[in-house]
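Peer 1: Pasting in a structure now, in structure tokens, and then I'll have a few things to ask.
The values are calculated or read from the model by the stated rules, or taken from the named source; none is laboratory data. Everything quoted here is computed from the prediction, not taken from an experiment. With ideal geometry, Cβ positions are generated from the backbone for all residues, glycine too; neighbour counts draw on all protein chains shown.
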Number of protein chains: 4
Amino acid sequence: MLVVMNHDAADEDVRRIIETIEEMGYEARPIPGKQRTAVGLVGNDGKVDSGRLEALPNVQQVIHVTQPYKQVSREWREEATVITLSNGTRIGGPEVVLMAGPCSVESEDQIMTSARQMRDAGATILRAGAFKPRTSPYAFQGLGITGLELLVRAREETGLGIVTEALEPDMVDVVAEHADIIQIGARNMQNYPLLRRAGRSGRPVLLKRGLAATIDELLLAAEYILSEGNPDVILCERGVRGFDTHTRNILDLTAIPVVHALSHLPIIADPSHGTGVRAKVMPMARAAVAAGADGLMVEVHPNPDKALSDGAQSLYPPQFEELVEQVRIIADAIGRSVTRPLAVPA
Amino acid sequence: MLVVMNHDAADEDVRRIIETIEEMGYEARPIPGKQRTAVGLVGNDGKVDSGRLEALPNVQQVIHVTQPYKQVSREWREEATVITLSNGTRIGGPEVVLMAGPCSVESEDQIMTSARQMRDAGATILRAGAFKPRTSPYAFQGLGITGLELLVRAREETGLGIVTEALEPDMVDVVAEHADIIQIGARNMQNYPLLRRAGRSGRPVLLKRGLAATIDELLLAAEYILSEGNPDVILCERGVRGFDTHTRNILDLTAIPVVHALSHLPIIADPSHGTGVRAKVMPMARAAVAAGADGLMVEVHPNPDKALSDGAQSLYPPQFEELVEQVRIIADAIGRSVTRPLAVPA
Amino acid sequence: MLVVMNHDAADEDVRRIIETIEEMGYEARPIPGKQRTAVGLVGNDGKVDSGRLEALPNVQQVIHVTQPYKQVSREWREEATVITLSNGTRIGGPEVVLMAGPCSVESEDQIMTSARQMRDAGATILRAGAFKPRTSPYAFQGLGITGLELLVRAREETGLGIVTEALEPDMVDVVAEHADIIQIGARNMQNYPLLRRAGRSGRPVLLKRGLAATIDELLLAAEYILSEGNPDVILCERGVRGFDTHTRNILDLTAIPVVHALSHLPIIADPSHGTGVRAKVMPMARAAVAAGADGLMVEVHPNPDKALSDGAQSLYPPQFEELVEQVRIIADAIGRSVTRPLAVPA
Amino acid sequence: MLVVMNHDAADEDVRRIIETIEEMGYEARPIPGKQRTAVGLVGNDGKVDSGRLEALPNVQQVIHVTQPYKQVSREWREEATVITLSNGTRIGGPEVVLMAGPCSVESEDQIMTSARQMRDAGATILRAGAFKPRTSPYAFQGLGITGLELLVRAREETGLGIVTEALEPDMVDVVAEHADIIQIGARNMQNYPLLRRAGRSGRPVLLKRGLAATIDELLLAAEYILSEGNPDVILCERGVRGFDTHTRNILDLTAIPVVHALSHLPIIADPSHGTGVRAKVMPMARAAVAAGADGLMVEVHPNPDKALSDGAQSLYPPQFEELVEQVRIIADAIGRSVTRPLAVPA
């Protein structure tokens, strides 16, 4: 940490900085410059609260040199985290993982049909919401526990792994019992009680980037989960708030190589929420794989015209099949491969 | 709702729109134009899911005419909502309300000192966090229940109302027992289980705008609370994410007149989080009142240099006193007044 | 255009809207709804100024149904615009075009070396600035006319087409004399005198998206060029302003399929400015092609460590060679190909 | 400038940084830390191009300590710049200046009426465009030279100073001949040839903040003007691009105290473009003065319903009169005053 002084700071101001740093238990190192003096804080263990220093007289700014997160960083752990599900899917390794399915579980028929279609198209993980966070209190809120039970049936029949969302701490255990991966949605990226509970769930966690979260904030949210003892976190870029109304969000694909440089955690992309428009999902899904995503999460519905939620951004099943073909070739171009389809259970 | 077709949409495409609208239980009204046809949906009760329509062939866009929220809107209720606390403070009326205090409850001495200072300076509500949502899991997380009990002591001694944050649904009841107003923070604006529980708490709720929430999303979050039967919601503009690094956020003061036009709910401003820099708090607090805010929420600490959190944005007590003088004159300029200071309890 | 009234608008207010629309020379069509009345404006020729209507009493909002641009739209011209340069490169057809080279022309040796490297790696267009727009007045501003002359020499030797920037209207003619494509930079996207002059230059124009320009604004800027009689405009996505400091901008790749749906003009991507960081250029260049870009513009420098500008985002030549191999495979995956390398002049 | 190394950077990497800094003519000062080494660059004269350093192996980031601008900074010049017009108006001193008038000069009758109304209401500077930058090429583009001549007539009759926009370098001289202040619009904030020419015009320049410009970029744009010898620059906050569609932009009033801390130049606010909606102009104008703005620029039209441009955001003359009353009181609350009205010429 570097405390930069105003150009006309008095010696006394600099002394006060030095004393405060020492009082906080760190070493202070003054660095006189041509235009201004700076004071380095040496020994930062990631817990320094810069507020006390920013508040002192004639401080121009406090510059953070050390990253604020620890266990999620590549400096903490060099090799990539690879998460293996019970159906053999490995997330974070050389393979690109496909998670697909409808926005919500709507009925037994709908979810079983969808699960079979997704498995046949090559996905190894089924996505579908049982509890839905909806912007309006009057919109369809999901089937709840019944939805979770239907997902278990879909897994039994198809062998697909299950990823589904938990909305509050008290819901984590029941989701953990039924699903292979607990999803934490973008609106809850900084819901700390929920993160902590997911960190004690014993299940891998899919953590979506908040609507206007910086990458450092995303990594710090993941740090909450790791700090509770759960190392299996999958990050997900799903679009950030933008100013153009042609799409729902801006899918920030550069976050993928940025995260890969900073952290050992896998990161996937969700082009369905990232764009909000069916016709943009396929190009952006391809782009995500080309940018190095460790997987895709895509909304596909057996009959999008009748979907109870997110119909406008759900692919038709044949579109998803075409997409899988394309991303196989793209993965190959960068020395990766797409996870092999599951065998049909005997 | 208006469904706008592509200019080369076939009659068949238009018919499909009409049929779908009718199947959804509404009336369809085709509007042929020079360049393209549109189809109006008449009878929208606020529950229409436009996804089904956006997904149909040759639809260019779906335009929402009806607002998505109901009970929070000024069309639902013409006169302003006024919330009265037990100490007589009225929020949403002609008076501008002052909420002030430290970021966190740190100790009995700190909070009692602060409460007296704030009361003497003219605030009628004490703000301070007992449970703190922190971006890093390694930062100070608040005193918890002990903090709530200290806030009750501060109220007993000073007569100030108490506003403090609840972070999760299970925490709502205990906060409601101790505080006059339950705060829901920006990170939790779309934490729907929390909103619902607060809607059943029987206490006024202070709802902060999310970091990148649109005003419609803020109003829809409030709608969750009202839809559970709690009409006493105070909105709070506290800055949205911006791209300039000189301040922590952009304080979007235009939200104040925008909300006043759309909704009957009161809206206050938090210039401390809105700017994140002490030197910008006073000008922006003044500006908020000039823009029509129904109140201010300001961080003031007896000794900001030693604060455990947010020291850099906390005012010194004499700065707050000066600010109160200035906003009295400004309130007067627009035909309002600042809430009168509480009498010192005998 | 649809004028939506407040729910309590009087008949008189609606009549005033109708009269104003008719006074403006269009037809008015009232559409009574359950909650409010709307009035459609029929016959919009794209020149309606909605300001007059927004200003009238009890108007809630004015909704634009017709697109504000004309000649650039796909409804005006169905088939894609293909621009052919004198060296045979075709932009906007099935082939993906590669434009590469240093940020600035720095010396004869540097630009000739770079041109040969780029030609050998497979680019068919050389990019390099002779006039440089720099954020600071004290930074290197380019070699000017000398730079243009060196670019001509590079073309003579290598056969590469030349794209280089014009900064002001008076500079357009001299750039048009020396270059194959006139570049208009992001900072000048709404420099209308410059756009108009480029529209009369007789040369193809590469128009970069402004730092916070919506796609509609980008298309309207292109409309300025087409409205002067020049149909040969190439759009370029180069990143929009974001809030994360890990990258210079957010490269908004979704703009590519959005533009392809709205307009017949080709659109390329510039991942160098889009990310500002060398290590992110290759993944984002691949992603752009996967998303459907008609070409790439990439900064490559013979010796980035010594570059006079943009060294940190310039690729090393071997990196560019590797990138070209990768994008060939990706282009193939979506049924396109990369422009064939130029033959070495005998 | 501080070059921060990766935690596993080799001694050789650090040596290369030191050598490069010395090769660039500055002094290098290594600062070993607990987790990583940093190297300070001492002697930075504001011309260091950090790109060369960012590009070197194992550099994590380059941190700028010295501000990139010089003559505009408060460190260069302590006391505030005050600009005096020939009618006595002083901008940047204790007085708050009022610039008001229609968006465009439309006719002699319109501009003379408006000028009289603005003078009578207390403005001392008339704003009106003769050359209009319009997003669409088909919109009204202004009266041109005729408009300038009408503005001169308005000044002769009323004594008001004139501020009007120049769109391109060749237009600067003619605007300088007719106007008291040359306006450079938001779209042209980084039109460097225009800035340079304005820097040689001999007239004060009103420089509007670009739509997504950081404050540092705004100050660097002003530096272009000062570096040509013109010290008389007035900055203008006019809203930055946001994500909420209820207003045209987000008026970033915090920019006012931020600029005042960094620079000696005056800064005013334009709430008309900042909000784009008439009903929000008055509250935000008041807020700007409360935040410390050195002046206001407000669109007022004798008959907004008939305005050829920006009718929806133009105040009615009586609204402006009311606004002037309010801002007089607010200015008083913070120890300032509003410029006294001009005497009516005999």
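Peer 1: Identify, by number, the condition in (1) among the basic types (K, R); (2) part of a helix (DSSP H, G or I); (3) in contact (Cβ under 8 Å) with a residue 60 or more places away in the chain that A:R116 doesn't meet.
Peer 2: Tallying (1) among the basic types (K, R); (2) part of a helix (DSSP H, G or I); (3) in contact (Cβ under 8 Å) with a residue 60 or more places away in the chain, A:R116 fails exactly one: (3).
Peer 1: Is it fair to say B:L53 is aliphatic (A, V, I, L, M), modelled with pLDDT under 95 and buried (at least 19 other Cβ atoms within 10 Å of the Cβ)?
Peer 2: So B:L53 passes the test.
Peer 1: Here is a list of conditions, (1) more than 14 Å from chain C (Cβ to nearest Cβ); (2) part of a helix (DSSP H, G or I); (3) more than 31 Å from the chain's Cα centre (by Cα); (4) touching a residue at least 40 places away in the same chain (Cβ under 8 Å), and D:D8 meets all of them except one; can you say which number that is?
Peer 2: Condition (2) is where D:D8 drops out.
Peer 1: Got a number for residues in segment D:144-203 being assigned to a helix (DSSP H, G or I) and either more than 19 Å from D:L220 (Cβ to Cβ) or acidic (D, E) (or both)?
Peer 2: Going through segment D:144-203 one residue at a time, the tally reaches 23.
Peer 1: Exactly one of these conditions fails for B:E325: (1) crowded, with 19+ Cβ neighbours inside 10 Å; (2) out of contact with any Asp or Glu (no Cβ under 8 Å at 6 or more places or on another chain). Give me its number.
Peer 2: Result: B:E325 fails condition (1) only.
Peer 1: Inside segment D:284-301, can you point out the residues that are within 13 Å of chain C (Cβ to nearest Cβ) and in a loop (DSSP other than H, G, I, E, B)?
Peer 2: D:H301
Peer 1: From the set of residues in segment C:239-254 that are modelled with pLDDT of 95 or more and more than 11 Å from chain D (Cβ to nearest Cβ), which is surrounded by the fewest Cβ atoms within 10 Å (Cβ to Cβ)?
Peer 2: My answer is C:I250.
Peer 1: Quick one: is A:V281 closer than 14 Å to A:E237 by Cα, outside any loop (DSSP other than H, G, I, E, B), modelled with pLDDT of 95 or more and away from chain B (no Cβ under 14 Å)?
Peer 2: When the stated conditions are applied, A:V281 does not pass them.
Peer 1: I've got another one for you. Quick one: in segment D:286-311, which of the residues that are surrounded by fewer than 24 Cβ atoms within 10 Å (Cβ to Cβ) and touching a strand residue (DSSP E or B) at 6+ places or on another chain (Cβ under 9 Å) is modelled with the highest pLDDT?
Peer 2: Applying the filter and picking the extreme gives D:G292.
Peer 1: Let me ask another. Among the residues of segment A:12-39, write down those that are crowded, with 18+ Cβ neighbours inside 10 Å and either touching a helix residue (DSSP H, G or I) at 6+ places or on another chain (Cβ under 9 Å) or facing chain B (nearest Cβ under 10 Å) (or both).
Peer 2: Residues satisfying the conditions are A:R16, A:I17, A:T20, A:I21, A:A28, A:T37, A:V39.
Peer 1: For residues that are of a type in the set (K, R) and closer than 25 Å to B:E228 by Cα, scanning just segment A:106-141, find the one that is nearest to the other protein chains (Cβ to nearest Cβ).
Peer 2: Top of the filtered list is A:R134.
Peer 1: Give segment B:302-325 a look and list any residue that's under 18 Å from B:R238 (Cβ atoms), among the polar types (S, T, N, Q) and part of a helix (DSSP H, G or I), or say none.
Peer 2: Within segment B:302-325, just B:Q313 meets the criteria.
Peer 1: Which is over 16 Å from A:A307 (Cα atoms) and either of a type outside the set (V, I, T) or touching a residue at least 12 places away in the same chain (Cβ under 8 Å) (or both), of A:L150, A:L143?
Peer 2: A:L150
Peer 1: Oh, and also: Considering only residues of segment D:328-341 that are closer than 16 Å to D:M118 by Cα and more than 9 Å from chain B (Cβ to nearest Cβ), which is surrounded by the most Cβ atoms within 10 Å (Cβ to Cβ)?
Peer 2: Result: D:V338.
Peer 1: Which residues, counting only those in segment A:69-88, are buried (at least 20 other Cβ atoms within 10 Å of the Cβ) and within 12 Å of chain B (Cβ to nearest Cβ)?
Peer 2: Residues satisfying the conditions are A:Y69, A:K70, A:V72.
Peer 1: If you take the residues of segment A:142-166 that are within 14 Å of chain B (Cβ to nearest Cβ) and touching a Ser or Thr at 6+ places or on another chain (Cβ under 9 Å), which of them is surrounded by the most Cβ atoms within 10 Å (Cβ to Cβ)?
Peer 2: Looking at residues that are within 14 Å of chain B (Cβ to nearest Cβ) and touching a Ser or Thr at 6+ places or on another chain (Cβ under 9 Å), I get A:A166.
Peer 1: Sort out which residues of segment D:146-165 are under 19 Å from D:E299 (Cβ atoms) and of a type in the set (A, V, I, L, M), and write them in order of number.
Peer 2: D:L148, D:L150, D:L151, D:A154, D:L160, D:I162, D:V163
Peer 1: Also: Those residues that are assigned to a helix (DSSP H, G or I) and crowded, with 24+ Cβ neighbours inside 10 Å, I need them from segment A:204-225; list them, please.
Peer 2: Scanning segment A:204-225 gives A:L218, A:L219, A:L220, A:A221, A:A222, A:E223, A:Y224, A:I225.
Peer 1: Does A:L323 satisfy the criteria of being within 14 Å of chain C (Cβ to nearest Cβ), in contact (Cβ under 8 Å) with a residue 24 or more places away in the chain and in contact with a strand residue (DSSP E or B) (Cβ under 9 Å, 6 or more places away or on another chain)?
Peer 2: Yes, satisfied.
Peer 1: Got at least one residue in segment C:121-138 being over 14 Å from C:L308 (Cβ atoms) and part of a helix (DSSP H, G or I)?
Peer 2: yes
Peer 1: State all residues of segment D:205-220 that are under 9 Å from the mean Cα position of the chain (by Cα), within 13 Å of chain C (Cβ to nearest Cβ) and aliphatic (A, V, I, L, M); if no residue qualifies, say none.
Peer 2: D:L218, D:L219
Peer 1: Could we say that A:P283 is more than 29 Å from A:V72 (Cβ to Cβ), buried (at least 24 other Cβ atoms within 10 Å of the Cβ) and either aromatic (F, W, Y) or in the same structural domain as A:V233 (by TED's automatic domain parsing) (or both) here?
Peer 2: Yes; evaluated as a whole, the condition is true for this residue.
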